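Taking it in order: structure first as structure tokens, then the write-up.
The values are calculated or read from the model by the stated rules, or taken from the named source; none is laboratory data. It should be emphasised that the depicted structure is a prediction, and the values quoted were computed from it without experimental measurement. Neighbour counts run over all protein chains shown; Cβ positions are idealised from the backbone, glycine included. Quick note on the areas: whole protein, heavy atoms, side chains included, nothing else; ligands and nucleic acids left out. Shrake-Rupley method; radii C 1.70, N 1.55, O 1.52, S 1.80 Å.
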Amino acid sequence: MDVTIFGSGYVGLVTGVCLAEVGNRVLCIDVDPAKIALLNSGGVPIYEPGLDELIKQNRDAGRLTFSTDAEEGVRHGLFQFIAVGTPPDEDGSADLQYVLAVARSIGEHMDAYRILVNKSTVPVGTADKVAAAVRDAQAARGTTVDFDVVSNPEFLKEGAAIDDFMRPDRIIVGTDNPRTGELLRALYAPFNRNHDRVMLMDVRSAELTKYAANAMLATKISFMNELSNIAEAVGADIEKVRVGIGSDPRIGYQFIYPGCGYGGSCFPKDVRALERTARSLGYDPQLLHAVEAVNFRQKDLLFKKIHAHFNGDLQGRTIALWGLSFKPNTDDMREASSRVLMESLWEAGARVQAFDPVSMPETRRIYGERADLALVDDALSALEGADALAVLTEWAQFRSPDFRMIKDKLRAGVIFDGRNILDGHLATATGLTYISIGRLPMTAQ
């Protein structure tokens, strides 16, 4: 099939390359000439494991092309995927300007039936606004061309997005036209062979499903972080509590890991947007507000532990950081806990020495060159001359470190584990102090 993807960011690229991989002819459109030039020259503007190889294979096979020509894109595909950003507005609501700009562009150029597939995360009612934007653009041209608007939310985890797309848990298709639903079912058939994963529903239910999914996952994380603070106060071990409650199949083990807060491009933005939608309708979403409030507080927790351990004296100290991205297998630092910690440390007069396997270029882009930030080549180099180590991202390479080497390098001999991924007993056996989330501090044995 012929498919057009508007937006060559995270969702657009993954969607485009995966649809091309199963044999479709995909044209990706973006308004950024530099991004398109990079893609056409073999580069990739984002980090996602396996994405660069798939882009190269499908580009070389002629199934995947990139352009800035919106008119060409509208001519090309029966399916017009909208996969542009919906950043939070000042009041927390989703900014739809880019989604509606694409809709207008499609309306300005379409001369045959098209299916507009909204892949962007958008509030309930956006499909109506997209349809209105297309009709207005057609009216300005004095034409009327048939089209449908479909809600097809993405459920991609950064770091595992390709596998998520190729082997989806579910494929949500929101449409009020049965024919359009069957066309989407045919497009997704290659990802559906084991059993039928397509779930057809009305448009508004599909739009809400995406927000509901992310809000539920964020709620589980914030609930565990709330419990972790209670566990620490009463002298319990949150990790033992986690195993105890996770064994209940009604709860399960996924997304109940305590830590120093969630980040990224989805959970914070989507919880706020759903909360804003509810308030605009006169409903007070108390639970959603609490989920975000707990997460905001949790991101400050590691700094408070560091500050307390050093009796408030951080001036001139150096803190080593392992991990800068909000989660492993991505370079995404949007709303990452590392940013909150670094900025608090700098304000307190401390210096940061950090390592992350992939996100240090992104760190440089955000913060530039500064005297109180050193980005080093490997995890051990981050420890040189540092007073303490803080672990912020659960990269696999951080899970089994040489504690004796850490002890030899750290001047104050203390680890702050913001993700509870290290073995505190091994750490203290080598003379280190180990401070984590939801457990009492462990001192050298």
Residue within segment 299-307 that is under 21 Å from the mean Cα position of the chain (by Cα) and over 27 Å from residue 48 (Cα atoms) present: yes
Residue, nearest to residue 336 (Cα to Cα), within segment 278-319, restricted to residues that are surrounded by 16 or more Cβ atoms within 10 Å (Cβ to Cβ) and aromatic (Phe, Trp, Tyr): 303
Unmet requirement for residue 125, which otherwise passes all of (1) at pLDDT 95 or above; (2) at positive phi: (1)
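Just to be sure, is residue 253 open to solvent by 50 Å² or more (accessible area, probe 1.4 Å), closer than 30 Å to residue 88 by Cα and either assigned to a loop (DSSP other than H, G, I, E, B) or small (Gly, Ala, Ser) (or both)? Spell out how you get there, then give the answer.
Working: open to solvent by 50 Å² or more (accessible area, probe 1.4 Å): yes; closer than 30 Å to residue 88 by Cα: no; either assigned to a loop (DSSP other than H, G, I, E, B) or small (Gly, Ala, Ser) (or both): yes.
Spelling it out, it is not the case that residue 253 is open to solvent by 50 Å² or more (accessible area, probe 1.4 Å), closer than 30 Å to residue 88 by Cα and either assigned to a loop (DSSP other than H, G, I, E, B) or small (Gly, Ala, Ser) (or both).
Report yes if residue 376 is of a type in the set (A, V, I, L, M, F, W, C) and under 21 Å from residue 403 (Cβ atoms), otherwise no.
On the way: of a type in the set (A, V, I, L, M, F, W, C): yes; under 21 Å from residue 403 (Cβ atoms): yes.
For residue 376, the condition - of a type in the set (A, V, I, L, M, F, W, C) and under 21 Å from residue 403 (Cβ atoms) - is met.
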Cβ-Cβ under 6 Å pairs, at least 6 apart or on other chains, segment 340-363 side more than 15 Å from residue 48 (Cα to Cα), far side among the β-branched types (Val, Ile, Thr): 342/352; 345/319; 345/352; 350/319; 351/318; 352/319; 353/318; 355/376
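Hey, any hits in segment 161-179 for a residue that's of a type in the set (A, V, I, L, M, F, W, C), open to solvent by 30 Å² or more (accessible area, probe 1.4 Å), under 19 Å from residue 209 (Cβ atoms) and out of contact with any strand residue (DSSP E or B) (no Cβ under 6 Å at 6 or more places or on another chain)?
no
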Unmet criterion (only one of (1) within 16 Å of residue 299 (Cβ to Cβ); (2) open to solvent by less than 10 Å² (accessible area, probe 1.4 Å)) for residue 229: (2)
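Please enumerate the residues belonging to segment 10-29 that are open to solvent by 20 Å² or more (accessible area, probe 1.4 Å) and either among the polar types (S, T, N, Q) or not in a strand (DSSP E or B) (or both).
Filtering segment 10-29 down to residues open to solvent by 20 Å² or more (accessible area, probe 1.4 Å) leaves 10-11, 21-23, 25.
Once the filter is applied, which keeps residues that are open to solvent by 20 Å² or more (accessible area, probe 1.4 Å) and either among the polar types (S, T, N, Q) or not in a strand (DSSP E or B) (or both), segment 10-29 yields 10, 11, 21, 22, 23.
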When residues of segment 72-110 are limited to those that are under 14 Å from residue 134 (Cα atoms) and open to solvent by 60 Å² or more (accessible area, probe 1.4 Å), the one nearest to the chain's Cα centre (by Cα): 98
Filtered residues of segment 232-245 (kept if surrounded by fewer than 16 Cβ atoms within 10 Å (Cβ to Cβ) and in a helix (DSSP H, G or I)): 233, 234, 240, 243, 244, 245
Residues located in segment 40-67, provided they are under 26 Å from residue 110 (Cα atoms) and crowded, with 17+ Cβ neighbours inside 10 Å: 59, 63, 64, 65, 66, 67
